1. Please give the Cα centre distance for segment 30-74 versus segment 179-249, rounded to the nearest Å.
2. Can you compute 3J(HN,Hα) from phi for each residue in segment 5-16, using the Karplus curve 6.51 cos²θ - 1.76 cosθ + 1.60 with θ = phi - 60°, rounded to whole Hz and x for Gly and Pro?
3. Using Cβ counts within 10 Å as a stand-in for footprinting exposure, how do Glu146, Glu40 rank, fewest first?
4. Convex hull over the Cα atoms of segment 23-100, averaged projected area in nm²?
5. Taking Cα pairs under 8 Å and at least six residues apart, what relative contact order does the chain come out at, in percent?
6. Once you have the Kirkwood Rh of segment 87-213 from its Cα pairs, apply Stokes-Einstein at 37 °C and 0.692 mPa s and quote D in µm²/s.
7. What is the extension gain from Lys182 to Ser156, computed as 0.36 nm multiplied by their sequence separation minus the C-alpha to C-alpha distance, in nm to one decimal?
8. Taking amide H positions as placed in the peptide plane 1.01 Å from N, state which residues far from Leu165 in sequence (5 or more) or on other chains have amide H under 5 Å from it.
Amino acid sequence: MKLNIAHLYPDLLNLYGDRGNIQSLVMRCRWRGIDVQVTEYRLDDPVDFSGTDLVLLGGGSDREQQIVCTRLRKIREDFHAYVEDGGTVLAICGGYQLLGHYYDTPDGRMDGLSLIDLYTEQKSPRLISNVVMENREFPYEIVGFENHGGRTYIGSNKPFGSRVLYGNGNNGEDGCEGVMYKNVIGTYLHGPLLPKNPHVSDWLLMSALSRKYGTVRLEPLDDTLEKRANQYIIRKCSVGGSFYSRAIR
Ligand code: GLN
């Protein structure tokens, strides 16, 4: 089996080590004997969605987001077809916001790609916190770190974190975090996310490989260290199994 990963614009979107997400995916493939190739796309490179199995779009400042957004709109139709066809995507923070209709800031509106029915408005204060959250599709908690001015509203879409136990999530109001749409995960969680959440890495690998090869089975790996990193964040945010009250909204 071979997995082709497209890393979109790592020179502009790579906040808080989003690149670590790629490392996680690559190592989890190699440890299982799955061939993996990562292609880093710069702003003017044409993106080959037909030869891509997994797209990573990282986070960035508002300025960098604006640059990327203008470019992404030019390849919107191909990106849209890829998503609708079940292509796997992990979009973090700034990249997540761009999947929606728009991101409003005091400097004006950034039009997004409208790949998913969601929108974002910037408000004060910035939401900065460790995050612990649940999703019953995953065997244990998902953890990460958020730092965003945007509040995202996902309407009737399925959230990535259906219950935020600690932290703010999409908007600090509805107790949810991120979005899941077809094989796309959009999330505010940096960390980087995947090294601390091997169950999320494997969800992405499964969805990408099964789209390409039909039913696949992922060899279980020894996740002792990864689970320890996950537990460390949970312990930091809780005492005796109860979570401290939520971070400032
Ligand atoms: N610029 C966006 C915000 O502040 C995203 C920031 C990020 O990617 N961390 O909401």
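Every number here is computed from the coordinates shown, using simple stated rules; none is lab data. Computed from a predicted structure; not experimentally measured. When we count neighbours, we look across all protein chains shown, and the Cβ atoms used for this are built from the backbone with ideal geometry, even at glycine.
1. 20 Å
2. 9, 9, 9, 8, 6, x, 6, 9, 10, 7, 7, 6
3. Ranking Glu146, Glu40 by Cβ neighbours within 10 Å, fewest first, gives Glu40, Glu146.
4. Seen from a random direction, the Cα hull of segment 23-100 projects 5.6 nm² on average.
5. 19 percent
6. Translational diffusion coefficient: 227 µm²/s.
7. Gain on extension, Lys182 to Ser156, equals 8.0 nm.
8. Answer set, sorted by chain and number: Val132, Met133, Glu134.
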